[in-house]
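Take a look at the structure set out below.
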Amino acid sequence: MERDGRTVVAWSIAEVAKASGVTSRTLRHYHAIGLLVPARTAPNGRRYYAEEQLLTLQQILLLRDLGLGLDVVAEVIAHRSTGDTIAVLGRHKEWLLKEQQRLAHLVRTVDRTIESIREGGEVTPEKVFEGFEHNPYEAEARERWGDAAVDASRERMRGWSESDAEKARTGYPKVHEGLAALRAEGADVSDPSVQELIQFHYEVTCLFWTPNREAYKGLGQLYVDDPRFHDAIGDGGVTEYLRDAMTVYADTRLDG
């Protein structure tokens, strides 16, 4: 591909999808909403991406990893300059360094606890829980679902493998983006491709707790009713689309 008289290296959508871990469907959705426009689209419809688009996709993934919704990501991308990009990446690097420090602090706490137990030293709450972040939603969860349910969920999380933890961290965003793309294509919530994503959503949810039919439908309604979920899931249409798809899944696949 040539631009301004010079050859520009470009990668196909399949190559970018493989390298980034973002599905081709999601890349096409990003194109459809104007978030990531390919450098070139061939007459046969095949999309190609150059260095500029790769850097944009990296920034999109970084912003999504921070929990920002696509509408917010789009606003950041639309108003960026080279300086803005460097600033955003710099802030993300700063967050990563803080997270690295937090994890290192936790490792030191665990090491001190092991040493205290081995040597018969004093074990105090202050020492044991130093460096732990307390979940601000835990009190609300206990009030809504009860101590037994929350304690059972915490116990289940303690048994996670590394792959479970990764699935819990990245699973929901993958579902949200996939559903946004399918909704944009006009897929009905009962469509097999939609229900396949909801199956994955249910599997991620089961890492924390195992909802029955009514509980899973209630979770979908909670997504719509509680505005705190909207930024992570997407605009109101995607949130309602998710709820409706969860309802279909619950009614056809789950026991009461």
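Only the coordinates and a few stated rules stand behind these numbers; no lab work does. Everything quoted here is computed from the prediction, not taken from an experiment. When we count neighbours, we look across all protein chains shown, and the Cβ atoms used for this are built from the backbone with ideal geometry, even at glycine.
Just round it to a whole percent: the fraction of Cα-Cα distances in segment 7-78 exceeding 18 Å.
Values: 832 of 2556 pairs.
The calculated P(r) of segment 7-78 puts 33 percent of pairs beyond 18 Å.
Which of Lys18/Lys217; Lys18/Lys98; Lys98/Lys217; Lys18/Lys167 have a Cα-Cα distance over 28 Å?
Lys18/Lys217; Lys18/Lys98; Lys98/Lys217
How far apart, in nm, are two points set 7 Å out from the Cα along the Cα-to-Cβ line at Ile86 and at Glu15?
Calculated label separation equals 2.9 nm.
Taking every pair of alpha-carbon atoms in segment 135-256, give the share separated by more than 17 Å as a whole percent.
59
Which net charge results when you count Lys and Arg as +1 and Asp and Glu as -1 among the other residues whose beta-carbon is under 11 Å from that of Gln221?
On the way: positive: Lys217, Arg243; negative: Glu214, Asp225, Asp226, Glu240, Asp244.
Overall, the nearby charge balance is -3.
Once fully extended, how much extra length lies between Ala148 and Glu75, figured as 0.36 nm per residue of separation less the alpha-carbon to alpha-carbon distance?
22.1 nm
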